[in-house]
Structures are given as C-alpha cells and as structure tokens.
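Structure first, then comments.
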Amino acid sequence: MPLENRLELKLAQKLILTPQLQQALKLLQLPQLELTQALSQELMENPFLEEVIEAEAGEKSEETPPESTDLIGDAEAPLDKMLDKMFGFGVDEYFDERGSDGRDLGYFTPGAETPPPIEQTLTRQPDLTDHLLWQLRFADAQEEVKGIAEIIIANLDDDGYLRASIEEIAELGSARLETVNKALRLIHGFDPPGVGARDVSECLLIQIRQLGLEGSIVERIVKDCLDDLEKKRYHNIAKRLDVSLDDVLSAVKVIEGLEPRPGRNFFHSVTNYIVPDVYFIKTEDGYNIVLNDEGIPRLGLSNYYRRLLSNKALLSPEERQFLNERLKSAIWLLKSLDQRNSTIYRVAESILKFQREFFDKGIEFLRPLNLRDVALDLGMHESTISRVTSNKYVQCPHGIFSFRFFFSTAIKGDRGSVSSTSVKDIIRKIITEEDASRPLSDSELVKMLKARSIVVARRTIAKYRTELKIPPQNRRKKATVKEVTL
C-alpha cells in the first residue's frame, strides 16, 4: 500500500477542564488548613484580592474619600510627592527623622553587633543519634573504634536497630571486621539498653546480660524458644527446657518488662491536629450545620485597583491586560469559594438526613451508605461527592469523624442490612470485655454476632480484626503469672 499525505476533518466531543474549572475542583477538595494556605497565597499574588476585616467592614462607606481619589491621579507620581501630599514631608525628611532618634532602619551597620540567625535561636529535643554521640565522646576507646562507632550510629533506624551488616560497615569505614565488632560492642553498652542490636533476639539478650541474668531461664527462652514465646505456647517451652510452668511464667514476666524497641523514647513524631470543617450542633429543634471558617481569610475585591483599572489614561495596554486577567481570576476565585461552601453544606445536610439515627443514638445505629446515594439525593456526580468528602472532618456530639466514616458497606442480617463500621465497633467492644486468660476465637465471635442477628463469615471477622489492629486469639492470651523468685 503506497504512503500518502492527506487532510481529514473529524468531529469529536471532548471534556476540557479550563484553568478556572481546575481551580474550582482543587478548592473543593482542600481541607480547612490547606484552604487557608491556598487563599493566603492568592492574596499575595493577586492585587485585586484583599482581606476584609469584619470590624472595619461596617465602618467603611461606599463613598471614596477625596484623598484616595487624588492619590489615584498621582499613581505614577514619585514617592517624595506622594508622601508630601499624604503626610506633609518628603523622603529625605522621613529618613532623617528616623535616624535622628536612634531608631533602627533595618539596614546593616558595619561594626555593629548583629543578632544571631533565627535558626540558632530555635531549640529541639535530642534524638537517639545525639544521645549516642554524646556518650561516645566520653567513651574510653581508640579513635579508630570511635570513628567506626559514629558510622554505626548513623545507620541505626528509629527503633535503635542496626540494619546494615558488619561487612557493609567495614566497607564504609575502610576498617577491619575486628574493629567493627569492637565498635558494635561499645555501642551495646550505651543507653538505652539494647541499642545497636540487629534483631529482636539480640536486643533482648543485651538487656538480659545488663540485668545479670546470664544462664537463667529468661536467657534460654529468648535464645531457643522465641517462636513459642511469641505464640504464648508456654507448655511447649516448659517441656523443651525441662522446667516447671511456674518458672516459665515468672521468666515471661521478666521478658515482658524488657524493651524490644530501644529507640522508642527518642523518636519525636509531629502531631497533626484535626480541624473540623463542619460542625453539627444539636438544638431543641434538631441540628444546626455550621461551616468552620475560623482562620480562613475573608476575601474581597480591592476598590483601589478597580478604580485604577477604570482610569484608562494611567495604564498602558500591557498593564490593562494584566489587571483585567487578575480581576477575572479574583472574581472566579470568589465564586468558586461560594460554590465550595454551598456544596459542602449540601453534602453535610444529606449525610445528616441519611445518618440521623447515628447522630441521635450512637455508632451502633450507623446505617450503610455509599457515595451514589448522596449523589442521587443532591443531583450531583459521584466524583463531586468524593472530592467534597476527601480529607474533611465533622464534629458532632459523638466526637470528630471523617466524612468518609459515614460511608460504609452493608452486611445483611436477619433484621436488615447493618453497616460494616457498626460491626467493627461491636467486635472491638466484645474483645475489650473478653476474659484475657481465655480470649475468644474468630469462630466464637461469629456465633456471638449471629446471636445479635448479624451474619458474617469467619474470614470477614479476621479481616475486620486486622483492620482494627487486634491480634489473633493466641497472641491476646495472658497467662496468670505466679510470683516466683528466679
């Protein structure tokens, strides 16, 4: 078939998201804190936007003061002329007066003492690396060993474990294996006990040696029966070590007092506080829905730039085009904010209608709900509901919940469908109230739920238990420990 060039005309329908529509969708899915940051950024970039202060908004009149009108005509006047018209003095007089009384003008003066950078005034809590390096400085060891010890400390994870091999450390420090082993033994003697271990067994053995329990049943269990200990098979341990069950239980009590994660107390995580986007306030007549606008800047259009744009004599074509684009962007942003608030309010209102029993009685009355139900109720698309409910939170009399908390799958029961979230809460309460010495199995949980007219499979129980971070039956069992002196 010969190759040829030709022109073809085709008709096609495409959905193209304009920059304005993309901005509206972005604002719709932003939570409260991120919305505040986005609006603050827009305030800095768009001259047509200004923050409206409520206390001053009522005092401002629609009439423009004569002084403002005069300044608009002098928009291109030099600074000296504008200061003279506004305050009665020029630029030179202003800076002379500032410098005469010794006030700081913000400039660097040679020879003057300057304050330290802000980075040097901040404080932070010492982490595990700082704590170990501080001990290393006072350790009695050769400089070569200390150098390798620094490399080992730099390769510890947040739990205090060494994840690199001895060979890798030797290659990084260009040292012999013997030197690396000396440095590792040095770190094993540091605080916290167990730091620098390569696995849980070694971590526990380091702590056991520091307690002076070498050769005891505690050490033998950690060395030879760690798998049985994890699964709480105490009878197997007693049989394997040829000791009594009471001795095993006493040793287990000592092991439970050891720290499997030595670096835990030195790990400082950042706490992210949840700020609710919507409040459900209970009243005598029902519930009031209040959108949280605390901290969000109230935006308005700048009258100064609007009047400046209407004065054609002051602006070049390029400046006029720029201001026109900024004005359209500001108007669209304000409309998008209003649309966002309206959509969030309507979605919250729909959730309140579907989940009224939950707000009145509690989590056990949470009903199954999906995005499609709310979308059909509001006449919106499911993707819009998904954006609204993403990363947003609701505060109600029962606490703070994510919007997605109210959406859950249905589990069929003898008395109708039940929310999977309610089933998880029932499982959690049952396990919390169980006998620790005889924990319930998944099969027993199935029977207990069936007695409540909730029919679920055993594998579903296991799935929900995993999601709730509840260990299986053998790991929840707590044996009765008889106090015996080792």
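Since every read-out is calculated from the coordinates, none of them should be taken as a lab result. No experiment lies behind these values; they were computed from the predicted model shown. For neighbour counting, all protein chains shown are included, and Cβ atoms are generated from backbone atoms with ideal geometry for every residue, glycine included.
Remark: spin-label model distance Y279-A141 equals 5.7 nm, labels positioned 7 Å along the Cα→Cβ axis. D by Stokes-Einstein for the range 128-266, Kirkwood Rh over Cα pairs, 25 °C, 0.890 mPa s: 153 µm²/s.
Subtracting the Cα-Cα distance of L226 and L33 from 0.36 nm times their residue separation leaves 64.8 nm of extension gain.
If R0 equals 45 Å, the separation of the Cβ atoms of W134 and K253 corresponds to a calculated FRET efficiency of about 0.85.
A full extension of the chain between D246 and E178 corresponds to an added length of 20.3 nm, given 0.36 nm per residue minus the alpha carbon distance.
As a size descriptor, the averaged projected area of the C-alpha convex hull of the range 278-406 was calculated at 10.7 nm². Computed from the C-beta positions of D158 and S201 and an R0 of 22 Å, the FRET efficiency is 0.65 to the nearest 0.05. Take the Cα of E214, step 7 Å along the line toward its Cβ, and report every residue of the range 171-208 whose backbone nitrogen sits under 13 Å from that point. 206-208, by backbone N distance to the label point.
Of the residues K26, K392, the one with the fewest other Cβ atoms within 10 Å heads the list, and the complete ranking is K26, K392.
If contacts are Cα pairs under 8 angstrom and at least 6 residues apart, what is the relative contact order of the range 402-469 in percent? Don't jump to the answer; show the numbers that get you there.
Working: 50 pairs, mean separation 21.7, N = 68.
About 32 percent, as a whole number.
Over 18 Å between Cα atoms, which of K231/K253; K282/K353; K429/K469; K282/K361; K353/K429; K231/K429 qualify?
Going by Cα-Cα distance, K353/K429; K231/K429 fall outside the 18 Å limit.
In plain terms, the residue of C396, C203 with the fewest other Cβ atoms within 10 Å comes first and the most crowded comes last, giving C396, C203.
Do me a favour and compute the ellipsoid semi-axes for the range 410-476 from its Cα gyration tensor, root of five times each eigenvalue, largest one first, whole Å. Could the numbers behind the result be given before it?
Values: eigenvalues 81, 28, 20 Å².
Equivalent ellipsoid semi-axes, largest first: 20, 12, 10 Å.
Subtracting the Cα-Cα distance from 0.36 nm times the residue separation, let me have the gained length for Y345 to T466 in nm, one decimal. Present the calculation step by step, with values, prior to reporting the outcome.
On the way: separation 121, 0.36 × 121 = 43.56 nm, distance 3.45 nm.
Full extension from Y345 to T466 adds 40.1 nm.
Spacing of the modelled spin labels on V52 and N236, each 7 Å from Cα toward Cβ, amounts to 7.1 nm.
Summarising the label geometry, the points placed 7 Å from Cα in the beta-carbon direction at K312 and E357 lie 6.8 nm from one another.
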